[in-house]
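Just below is one structure, and these are the notes that go with it.
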Amino acid sequence: MTGIPTVAIGGVPDPLPEGLHVLDVREPEEWRHGHIEGATHIPLRDLPARLSDVPDGQTLVVCKVGARSAQASMYLLKQGHDVVNLDGGMLDWEGAGRPMVSESGAPAQVV
């Protein structure tokens, strides 16, 4: 997929800079087990209907490995949003030891 701005985990500042939003397009069950604190959660299939919920400004789009977020990024670019796809997704985020939170009461993990 060409033309989608993409960044590897090594290129993502830690901690995330002020003003950078995170959009997580994974399924609700995946989100519940572990996500980036402060991220906006809109499952990929819901994105067209919830376009107004996408944050304004630069947004890092994440999923588990980077494929769904690439689809979401392509769609959002066409809608005029400033987005960057996280290549390697939440698996690379977790692998790099970046902080996550969970809604399940258990330690955060990528499922």
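The values are calculated or read from the model by the stated rules, or taken from the named source; none is laboratory data. Every value quoted in this text rests on a predicted model; they were computed, and no experiment measured them. Please note that ligands, DNA and RNA were not included when accessible areas were found on the heavy atoms of the full protein model with its side chains. Shrake-Rupley method; radii C 1.70, N 1.55, O 1.52, S 1.80 Å.
Helix 67-78 and the longest principal axis of the Cα set of the chain meet at an angle near 30°. Based on protein heavy atoms only, the chain ends up with 51 Å² per residue of surface accessible to a 1.4 Å probe.
When both region 27-45 and region 51-111 are represented by their alpha-carbon centers, they are found 8 Å apart. Taking only protein heavy atoms and a 1.4 Å probe, the accessible area of the chain is 51% carbon and sulfur. Of all DSSP beta bridges confined to the chain, the antiparallel ones make up roughly 10%.
Close amide-amide hydrogen proximity is noted between LEU23 and THR40, LEU60, VAL61, VAL62, each under 5 Å apart and 5 or more residues distant or on a separate chain (H modeled in the peptide plane; Pro and chain starts excluded).
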